[in-house]
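Peer 1: The structure's right below; bear with me while I get my questions together.
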Amino acid sequence: MECSHKKISKKKVQKEIFNMIFETKTSVCDNCGAYLRDRGYEKKYMHWLEELYKTRRNKFQTQCYFSKNLIRCAEAYLEDYPGISTTIFIRGLVTVYFNIIDRDAKKSARLELLLDNEIYNSFSNDKDRKKVNIQFKPKMIIELMAISELLEIGPSIVVEEVVLKLMTAITSQDKKLREFWENEIRGYLDMFLKAA
Ligand SMILES: [Zn+2]
């Protein structure tokens, strides 16, 4: 039976993020131990992250490994975008994925359906990889951590998978996938890259 969290007390709780510890008091259920994160908790957490971001920006990054072939494809794509580095581009892909595709059930289902497995696997199985550190802002980090906790995989893996999916859409010759990319996604990425 699910606990209805009837008996609650304020307790000190800790949360680990990128090897740093956030500590605060919040409501905890006496019976099952669940943290009932209220708005005060979320606010303090966000504030803590933002303060940290000012001084320790280098902590706000995921260390990813990408196929060198994928990086070459990204560089080729960026020939039309002078001044944009691959790391900014990758951050753009992740931002667009979470803000545009993941929040839209129709778009995300469509991407999964159309995904060109042959290309996806060629990126994913490539053993020749390069390490890339991608920096994110606190808001994006919170989103990444939430997804990573939900899927029980590290935030770097979440980023790698998102980038693989979108790079597959960018490089595929499949007509439907290309159309989906060009008509429904590309404009958002262009907007991000223009603002970068
Ligand atoms: Zn409970």
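The values are calculated or read from the model by the stated rules, or taken from the named source; none is laboratory data. The structure displayed is predicted, hence computed values, not measured ones. Here the Cβ positions follow ideal geometry from the backbone for every residue, glycine too, while neighbour counts run over all protein chains shown.
Peer 1: Which members of the stretch 37-71 meet the condition of being surrounded by 12 or more Cβ atoms within 10 Å (Cβ to Cβ) and more than 21 Å from the chain's Cα centre (by Cα)?
Peer 2: Passing the criteria: Arg37, Gly40, Tyr41, Lys44, Asn69.
Peer 1: Inside the stretch 1-25, can you point out the residues that are among the hydroxyl-bearing types (Ser, Thr, Tyr) and either surrounded by fewer than 10 Cβ atoms within 10 Å (Cβ to Cβ) or within 16 Å of the ligand (Cβ to nearest atom) (or both)? If you could, list the steps in order and put the result at the bottom.
Peer 2: Here is the first cut: in the stretch 1-25, the ones among the hydroxyl-bearing types (Ser, Thr, Tyr) are 4, 9, 24.
Residues satisfying the conditions are Ser4, Ser9.
Peer 1: Residue by residue through the stretch 92-112, note down the ones that are loosely packed, with under 14 Cβ neighbours inside 10 Å and either over 17 Å from Ile170 (Cβ atoms) or within 12 Å of the chain's Cα centre (by Cα) (or both).
Peer 2: First, pick out the residues of the stretch 92-112 that are loosely packed, with under 14 Cβ neighbours inside 10 Å: 103-106, 109, 112.
Hits for the stretch 92-112 are Arg103, Asp104, Ala105, Lys106, Ala109.
Peer 1: Among the numbered criteria (1) in a helix (DSSP H, G or I); (2) without any contact (Cβ under 8 Å) to a residue 40 or more places away in the chain; (3) of a type in the set (Val, Ile, Thr), which single criterion is violated by Ile153?
Peer 2: (1)
Peer 1: Which condition does Val28 not pass, out of (1) away from the ligand (no atom under 14 Å from the Cβ); (2) surrounded by 12 or more Cβ atoms within 10 Å (Cβ to Cβ); (3) aliphatic (A, V, I, L, M), if it passes all the others?
Peer 2: Only one criterion is unmet by Val28, namely (1).
Peer 1: Do we find that Glu75 is more than 30 Å from Lys7 (Cα to Cα) and not assigned by TED's automatic domain parsing to the domain that holds Val159 in this structure?
Peer 2: no
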